[in-house]
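> The structure that follows is given in the form of structure tokens.
The values are calculated or read from the model by the stated rules, or taken from the named source; none is laboratory data. The model shown is predicted, which means the values in this text are computed figures rather than measured ones. Neighbour counts are summed over all protein chains in view; Cβ atoms, including those assigned to glycine, are modelled from backbone coordinates with ideal geometry. These accessible areas exclude ligands, DNA and RNA; they are computed on the full protein's heavy atoms, side chains included. Shrake-Rupley method; radii C 1.70, N 1.55, O 1.52, S 1.80 Å.
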Amino acid sequence: MEKHEQAVMVTRSSMPPLEEYVEMLKPIWESAWLTNMGAYHEELKQKLKEYLDVPQLELFVNGHTALELAIQAFDLEGEVITTPFSFASTTHAIVRNGLTPVFCDINETDYTMDVDKIEELITDKTCAIVPVHVYGNLCDVERIKEIAKRHNLRVIYDAAHAFGETWKGRGVTQFGDASMLSFHATKVYHTIEGGAVAFHEDWLKDRLYQLKNFGITGYESVEYVGANGKMNEFQAAMGLCNLRHIDGEIAKRKALAERYRERLSGVPGIRLCPQNPDVRYNYAYMPVVFEGYGADRDEIFSALKENNIFARKYFYPCINDYACYRDRFSVDDTPVAKRIASEVLTLPLFADLSMEIVDEVCDVILSFQREREG
């Protein structure tokens, strides 16, 4: 196989036609209203509420700020049960709110929080659960709801990977007390940078609006220690453009993911996440776990890299093995997460990826099997 002249990255931003975005910029120039909840900001908020089928939604400059301020809005104290198998933002948002993360291990099937292990971690200091819909695999929302209700806990979902997904016909961001979405450039749907919080309770509308605007509650009143978390008009314009094309982009991703599954399913030593018939997926990522295969994860990663194809060790290391947390937590306390983190590789997957490159990736992976058998 010839090495690609241009690198094939694990992801690539979906972009609307340039002319479409440029046309959206004209009203911004004419009004000189660049930020502070302008016309595009309000239009995007309304259209996302409709698309996601959620009663309330607030936009933010990025997903991390959205999650951090969502946690702050609930005025929590004590311990928060979360997962170590996520991006750094999830735990950082908890810690930066002065709360103590308590790491729950993940399940073997879809790598979301193991609901059978949640209750043993609950103490009189527990105030909330922050689960993550990993790779677009949805958490057991019914079990988590039942546990939280019984123990009077808040549930704030990190739904950064789950834009537009549904469970039994319901939008995934309808679950929990709040759900954070990331609109980073690498996500299925993006606003260049950006994020949102979907929620139900009316009081959160003002609170989140105020927290993202420095805690200002009136012309001469600042009641909260807020942040500058406002989405600007250029981001909102990109979001409006991308929302017009999102269903087509997801359909392209689906075709590519199905090709990966066709090529890699049933291969001894290769594990793919099972598909839940109750979920409408967005095909955000293509995670593959290598366990007892002809090569380990790192060898596969290197072989792809030699061909200028860049997969990602996502998530590795586990959050509770980060240098900034290692003196407080042990990755050995979450053995499933530790093992999966050492075996998982997310393969290139984005709407503009060619089917030929998917086949090349699969050929590199399967070459190790042929060597072992040959």
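> Might you work out the accessible area of residue 18 for me, using a 1.4 Å probe with all protein chains in place, and round it to the nearest 10 Å²?
Here the residue's solvent-accessible area equals roughly 120 Å².
> Between 175, 65, 294, whose Cα lies farthest towards the positive end of the dipole of the chain when Lys and Arg beta carbons carry +1 and Asp and Glu beta carbons carry -1, centred on the Cα centre?
In the chain, that residue is 175.
> Can you give the FRET efficiency to the nearest 0.05 for residue 302 and residue 369, using r as the Cβ-Cβ distance and R₀ = 25 Å?
Given R0 = 25 Å and the Cβ-Cβ separation, E is 0.90.
> Still on this structure: Give the average over all directions of the projected area of the C-alpha convex hull of the stretch 1-44, one decimal, in nm².
Its Cα hull, projected and averaged over all orientations, spans 5.4 nm².
> How many angstrom lie between the C-alpha centres of the stretch 130-154 and the stretch 322-336?
Spelled out, the Cα-based centre of one part sits 22 Å from the other.
> Would the stretch 156-262 count as rounded, prolate or oblate if I go by the C-alpha gyration tensor, calling it rounded below 1.5 in a/c and otherwise prolate when a/b exceeds b/c, oblate otherwise?
Taking the square roots of the gyration eigenvalues as a ≥ b ≥ c, the stretch 156-262 is prolate.
> Which pairs, out of 145/187; 117/338; 117/145; 187/313; 45/205, put more than 19 Å between their alpha-carbon atoms?
Those over the limit are 145/187.
> Only four residue types carry charge here, +1 at the Cβ of Lys and Arg and -1 at the Cβ of Asp and Glu. Report the dipole size of the stretch 1-109 about the Cα centre in Debye, rounded to the nearest 20.
Values: 7 positive and 17 negative charges, 36 e Å.
With only Lys, Arg, Asp and Glu charged at Cβ, the dipole is about 180 debye.
> Taking the mean number of other Cβ atoms within 10 Å as a proxy for protection, how do you rank 48-59, 216-227, 103-114 from highest to lowest?
With the highest mean Cβ count within 10 Å placed first, the list reads 103-114, 48-59, 216-227.
> Which order do you get for 328, 96 if you rank them by accessible area with a 1.4 Å probe, largest at the top?
Descending order: 96, 328.
> Rounded to the nearest whole Å², what accessible area per residue is found for the chain with the 1.4 Å probe?
With all protein chains present, the chain gives 44 Å² per residue.
> Hey, another quick one. With a 1.4 Å probe and all protein chains in place, put 285, 325 in order of accessible area, largest first.
Result of the area sort, largest leading: 285, 325.
> Tell me, what % of the accessible area of the stretch 199-257 is carbon and sulfur with a 1.4 angstrom probe? Write out the running numbers ahead of the final one.
Values: 1510 of 2910 Å².
Looking at the stretch 199-257 in its full context, I get 52 percent from C and S.
> Might you report the magnitude of the Cβ-based charge dipole of the stretch 191-315 about its Cα centre, with Lys and Arg at +1 and Asp and Glu at -1, to the nearest 20 debye?
On the way: 17 positive and 17 negative charges, 98 e Å.
The calculation lands at about 480 debye.
> Can you tell me the order of 144-151, 179-186, 34-41, 293-300 when each peptide is scored by its average per-residue count of other Cβ atoms within 10 angstrom, highest first?
Descending mean neighbour count gives 179-186, 293-300, 34-41, 144-151.
> Of the peptides 301-308, 60-67, how do they stack up when ordered by the mean number of other Cβ atoms within 10 Å, highest first?
60-67, 301-308
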